[in-house]
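Read-outs throughout are calculated quantities, based only on the coordinates presented, and are distinct from any laboratory measurement. The model shown is predicted, which means the values in this text are computed figures rather than measured ones. Methodologically, a virtual Cβ is constructed for each residue, glycine included, from the backbone with ideal geometry; neighbour enumeration extends over all protein chains shown.
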Amino acid sequence: NFHGAVIRGGGGGGSSEAASTPPEKIEGLYASGWLKRGPSGIIGTNIPDAKDTVASILRDLKSGSLVPGRERVEEGDDTGDGDDGGDDDGRGGRGAPRGREGLDELLRSRGVTAVDWEGYRRIDDAERRRAKGGSNHPDKPREKFTNVEDMMRAASEVEEEE
């Protein structure tokens, strides 16, 4: 149960930390933003933090301490090989594809609609236009979406060529 927890050292080899439990190191666990530091900062502080976390992942991949496709040892697996006895086709355990393909498949299976970089840019552009079009604060750079459906619609809209 990680309710109310933050991931300290979430740039690599993070640990769970909640008020009532001592930190437990979790190999291969990475976090950024509020999950890593707690509820502080804005997008401007979260982006450099995310870049730091990505640098930690890349460093761990290069050093060999993080191996793509290697599973953590699960409870009840006393062999240490991450195999729970299920079918494994060598693509990441239990038939799961690795890498971006595996992440995309996992998100789809959980009903998550991901926003790619171009979608993020469309959201950013829409928020900037919204600030210019109706904000009571002339120096406000963006008018943030308050409705997920509207934001996702903006992420998928393709602008007309002028």
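Odds and ends about this structure:
- Residues of region 106-131 satisfying the condition of being farther than 19 Å from VAL158 by Cα and surrounded by 13 or more Cβ atoms within 10 Å (Cβ to Cβ): ALA131
- Residue list for region 121-162, restricted to those being among the hydroxyl-bearing types (Ser, Thr, Tyr) and out of contact with any helix residue (DSSP H, G or I) (no Cβ under 7 Å at 6 or more places or on another chain): SER135, THR146
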